[in-house]
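Structure record follows, encoded as structure tokens.
The values are calculated or read from the model by the stated rules, or taken from the named source; none is laboratory data. Because the structure is predicted, anything quoted here is derived from the model rather than measured. Neighbour counts run over all protein chains shown; Cβ positions are idealised from the backbone, glycine included.
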Amino acid sequence: MTPHSYLLTTAQRQQARQRAFASGISATDLLEADGRAAAHELRRRWSARKVTVLCGPSVTGARGFTCARHLAEAGFTVRIAVPGAAESASDPAGELSKFWSIPVETLNSTVIGGADLFVDALAGAGSLPSLLPEIRAALARRPLIALDIPCGVDPDNGAVTFDMKADLTIAFGSKSPGHLLLPGRLHCGEVVVVEGGLSDALAIPTEPATFENIPALWIQQFPWPKAEGHKFNRGHALICGGWPMTGAARLAARACARAGAGITTLAAPSEAMMIYAISLESMIVHPISLPNDFTKLIATSRFSGALIGPGAEADEDTRSRTLELLRTGRPLVIDAGALSAFSDAPEDLYAAICGSCVLTPHDGEFSRLFDTGGDKLIRARRAAARSGAVVVLKGADTVIADPDGRVVINGNAPPTLGTAGAGDVLAGLITGLLSQGMAAFPAACAAVWLHGEAAEAFGPGLIAEDLPEMLPRVLLSLLNMAHPAAALDQGAV
Ligand SMILES: NC(=O)C1=CN([C@@H]2O[C@H](COP(=O)(O)OP(=O)(O)OC[C@H]3O[C@@H](n4cnc5c(N)ncnc54)[C@H](OP(=O)(O)O)[C@@H]3O)[C@@H](O)[C@H]2O)[C@@H](O)CC1
């Protein structure tokens, strides 16, 4: 895992600052570097104009003061406004005030009026109920740039207590979970990370580690086809099909094959045999008629990864098949009906999980199996620790948690992914990667990222069937990132 995708909580940032102080860097040095970097980013985007910087009493407020000075030196007409009495503005760095030449004013309609640009350096100032509606309305009429994170967004979990939306958020050194988790993400606008005063080395956090889902996290482990490979050693995936909802497993099977599985076998209820056989031309469809057909299939098949749940009834049959698959010890994805089949006794599922296993619940399925208290990071982390499986807690801000405590937050999913069958495709993608030997946590992260990229590449009008068909394009750009020379060989420019 690369340090560049670390997401730092407030406590981890404070610890990083303490490490910086212990290494001889002063608070003033850090704030100067952060303020200068923020001003540089603003100057890159806007020419000199009238800007009002709203500074709270926290470290973010101090960054605002420093940024304001750098903007003034660059020719901007700058006003500084603080909530409450101007004379009560604190100086967190202790020494910074000697650099201020701009008068500090009380935040009110007058100081807001006439500005072309606003900088929100209020983070950590609480919910600011004192910001009057007319001030908020004025702020909404001009570009609003937040330092660290918009006022009212909790950096640790994305909870929102105050409705102020930024057009751009400037984060220092790394993002925070609140930049990616909903609803906070919707208040951040574009998020840009600038290099502030804290070096990467100082910012590497103590546990628990949380990351943004970027290819650098897992690209080295991605199972590209090998020159000496053939279909039997590229991964053999077993997909358990349902009836009468056959679409779900068919979508999963297509995604699984597109993710690179050399062979995809579908275990099909005999009533649905023809449907599966006709629509999945390159796949092996294996009929399941008698009660022990499934047992025989998994005893004789050399599958290296399996999926159960899409389109399956949440009943005793599904439950016992899931347990049978778990007993093989081979990599397994448990989704949809196979998760809900354990609603009455989730402990039975936890007890049976061993080896490489991924659970892919949406919020509804999650609530049937796990404790729903706490924010999304807490819920996913606790569920992974409790079950011993990698948990993919789906949503617009999908969180992937490993039982060892690592968590990844995904940020590339467009709203079009909220469509029937998209979850089935994701389950198939994970299965395809698992069956090729990729470990459960990176496989889940990679699949979630590919899923988001495929939807983004397709654009508006997406239905789940489009996702597997977009994968070749997305995989080619991933190959470009991994091995630029190899991608050139395939005609990429
Ligand atoms: N072509 C096919 O064959 C297709 C087959 N499919 C198959 O259908 C099966 C049923 O899947 P399912 O997810 O629709 O139903 P189910 O498990 O009853 O949960 C639904 C309840 O949970 C809640 N809920 C909360 N958050 C939620 C969220 N993010 N997404 C969804 N629900 C959420 C919500 O409760 P509410 O918020 O309404 O109170 C809702 O009422 C499954 O096997 C799947 O593979 C489909 O994939 C489509 C294509």
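Against the definition (closer than 30 Å to Asn233 by Cα and within 16 Å of the ligand (Cβ to nearest atom)), how does Leu450 come out, yes or no? No; evaluated as a whole, the condition is false for this residue. Take Glu195 and tell me if it is surrounded by fewer than 23 Cβ atoms within 10 Å (Cβ to Cβ), within 18 Å of Thr9 (Cβ to Cβ) and either in contact (Cβ under 8 Å) with a residue 12 or more places away in the chain or within 16 Å of the ligand (Cβ to nearest atom) (or both). No; evaluated as a whole, the condition is false for this residue. Restricting attention to the range 386-418, the residues that are within 16 Å of the ligand (Cβ to nearest atom) and buried (at least 16 other Cβ atoms within 10 Å of the Cβ) total 15.
Which residues, counting only those in the range 278-288, are exposed (fewer than 13 other Cβ atoms within 10 Å of the Cβ) and of a type in the set (Ser, Thr, Tyr)?
From the range 278-288, those exposed (fewer than 13 other Cβ atoms within 10 Å of the Cβ) are 278, 281-282; that's our starting set.
Ser282, the sole residue that qualifies.
For the structure I just gave you, tell me whether Leu182 is assigned to a loop (DSSP other than H, G, I, E, B) and touching an Asp or Glu at 6+ places or on another chain (Cβ under 6 Å). In short, yes.
Out of all the residues in the range 243-260, is one or more away from the ligand (no atom under 16 Å from the Cβ), of a type outside the set (Lys, Arg), in the same structural domain as Gly432 (by TED's automatic domain parsing) and more than 23 Å from Lys231 (Cα to Cα)? Reasoning before the result, please.
Residues of the range 243-260 away from the ligand (no atom under 16 Å from the Cβ): 257-260.
Those still in the list that are of a type outside the set (Lys, Arg) too: 257, 259-260.
The next check asks that each one be in the same structural domain as Gly432 (by TED's automatic domain parsing); those that pass are 257, 259-260.
Remaining after also requiring more than 23 Å from Lys231 (Cα to Cα): none.
Scanning the range 243-260, I find no residue that is away from the ligand (no atom under 16 Å from the Cβ), of a type outside the set (Lys, Arg), in the same structural domain as Gly432 (by TED's automatic domain parsing) and more than 23 Å from Lys231 (Cα to Cα), so the answer is no.
What helices (runs of 4 or more DSSP H) lie completely within the range 230-306 and have 2 or more residues being touching an Asp or Glu at 6+ places or on another chain (Cβ under 7 Å)? Even if it seems obvious, please write down each step before you answer.
Numbers: elements: 247-258, 273-279, 293-300.
Answer list for the range 230-306: 247-258, 293-300.
Counting only helices (runs of 4 or more DSSP H) that sit completely within the range 386-493, those holding 2 or more residues that are of a type in the set (Gly, Ala, Ser) and within 21 Å of the chain's Cα centre (by Cα) correspond to 422-435, 440-458, 466-482. For the range 289-331, filtered to residues that are touching a residue at least 12 places away in the same chain (Cβ under 8 Å) and exposed (fewer than 13 other Cβ atoms within 10 Å of the Cβ), the residue that is nearest to the ligand (Cβ to nearest atom) is Asp315.
Rundown of residues vs (1) crowded, with 20+ Cβ neighbours inside 10 Å; (2) within 30 Å of Ala482 (Cβ to Cβ); (3) among the small types (Gly, Ala, Ser), yes/no style:
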position: Phe222; (1), (2), (3): yes, yes, no
position: Lys226; (1), (2), (3): no, yes, no
position: Gly235; (1), (2), (3): yes, yes, yes
position: Cys240; (1), (2), (3): yes, no, no
position: Thr246; (1), (2), (3): yes, no, no
position: Leu251; (1), (2), (3): yes, yes, no
position: Ala255; (1), (2), (3): yes, yes, yes
position: Ala272; (1), (2), (3): yes, no, yes
position: Tyr276; (1), (2), (3): yes, no, no
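Kindly indicate whether Ala203 is at pLDDT below 85 and of a type in the set (Gly, Ala, Ser). It is true that Ala203 is at pLDDT below 85 and of a type in the set (Gly, Ala, Ser). Only one entry in Ala93, Ala121, Ala140, Ala125 is under 19 Å from Phe76 (Cβ atoms) and either modelled with pLDDT of 95 or more or among the small types (Gly, Ala, Ser) (or both), namely Ala121.
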